[in-house]
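Accompanying notes for the structure given below.
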Amino acid sequence: MKSCFLSFLLFCSALAFSSGVALATDITPPIAPATKTESSPSPTASPTASPTASPTASPTASPVSASAAPLVAKSLPEIHATMLLPKDWTLLPGKLLEGDVLLATREKISSESDLWTTGLSMSIDRNGAKDSGQKASDYARSLAQEASEKAGEGATPIKESEAGLFHEIRFDFPVAGDQPLLVTEVLKANDKTGTLAVILWQSPKEEAQQLHDLREQVLAGIKLDPTQ
């Protein structure tokens with residue numbers, strides 16, 4: 001039941017992004033951004049997490065300068081993690097959001113109700129795999145496949161890789177709307193702990209190429225504790 005609910009939330013996120021609504025997820029420990037279900041902002045729509053996007057472009061630095069800006073390390077003690085972000089980005093971590101969803105955005109937001117277009121959401125799911133009776137990697141794969149199918153023909157092929165104790169699953173999909181978005185979903189499954197991290201990156205589709213390097217640096221800079 002949880003896996004269905006999770007994938008439903010992810011898909012709804014994407015729909016929410018397409019309408020430029022701020023997202024809140026109600027996944028308890030599972031990153032992401034779309035419509036509100038409980039209260040945790042999320043930026044996009046994907047099979048695994050839920051984020052929301054705003055149709056208004058960030059008033060801060062341009063995509064080019066944002067990509068070139070040096071990244072600074074941010075500690076996330078609530079989830080035993082660290083990440084790299086541009087210095088002027090907004091970070092709303094962990095317990096600030098119901099559902100334990102973290103948001104990191106280019107826009108200057110102060111709460112889950114503020115709109116944004118560029119950034120990521122992340123949530124940690126510590127119970128979904130256990131409740132499903134599957135290994136975390138198999139659980140993540142089933143969520144990704146379901147999400148990819150719901151995203152339709154615009155979704156890229158699902159890619160899988162290993163990084164230490166983490167099994168990583170990744171794919172992209174577009175979200176149509178007044179402000180078309182491109183969403184990257186990354187699932188990091190740890191079979192040893194049964195934990196699944198759901199990460200959703202979103203940006204305006206027209207800026208995707210300019211933000212490519214920044215996206216890759218931010219996603220690569222997320223470090224989770226393999227023992228947690």
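The values are calculated or read from the model by the stated rules, or taken from the named source; none is laboratory data. What you are looking at is a predicted structure, and each value in this text was computed from that prediction instead of being measured. Methodologically, a virtual Cβ is constructed for each residue, glycine included, from the backbone with ideal geometry; neighbour enumeration extends over all protein chains shown.
Of the residues that sit in the stretch 69-90 and are of a type in the set (A, V, I, L, M) and modelled with pLDDT of 85 or more, which one is nearest to residue 115 (Cα to Cα)?
Among them, the one singled out is 85.
Being modelled with pLDDT of 95 or more and within 22 Å of residue 72 (Cβ to Cβ): is that true of residue 119 here?
Yes.
For residues that are of a type in the set (A, V, I, L, M), in a strand (DSSP E or B) and closer than 18 Å to residue 115 by Cα, tally how many sit in the stretch 167-212.
Qualifying residue count, the stretch 167-212: 5.
Name the pairs: first residue in the stretch 112-128 and on the phi > 0 side of the Ramachandran plot, second residue hydroxyl-bearing (Ser, Thr, Tyr), Cβ to Cβ under 7 Å, at least 6 apart or on different chains?
119/105
Give the residues of the stretch 133-156 that are closer than 25 Å to residue 226 by Cβ and among the charged types (D, E, K, R), sorted by residue number.
Scanning the stretch 133-156 gives 135, 138, 141.
Just one of the numbered conditions (1) surrounded by fewer than 23 Cβ atoms within 10 Å (Cβ to Cβ); (2) at pLDDT 90 or above is not true of residue 66; which one?
Single failed check for residue 66: (2).
Of the residues 155, 140, 163, which is more than 21 Å from residue 89 (Cβ to Cβ) and in contact with a Ser or Thr (Cβ under 7 Å, 6 or more places away or on another chain)?
155
I'm told residue 142 meets every condition in (1) of a type in the set (S, T, N, Q); (2) within 22 Å of residue 81 (Cβ to Cβ); (3) not in a loop (DSSP other than H, G, I, E, B) except one. Can you identify the failing condition by its number?
Every condition holds for residue 142 apart from (2).
Assess whether residue 174 counts as being within 15 Å of the chain's Cα centre (by Cα) and over 19 Å from residue 89 (Cβ atoms).
Yes; evaluated as a whole, the condition is true for this residue.
If I go through the stretch 121-136 residue by residue, how many of them are surrounded by fewer than 21 Cβ atoms within 10 Å (Cβ to Cβ) and under 23 Å from residue 81 (Cα atoms)?
4
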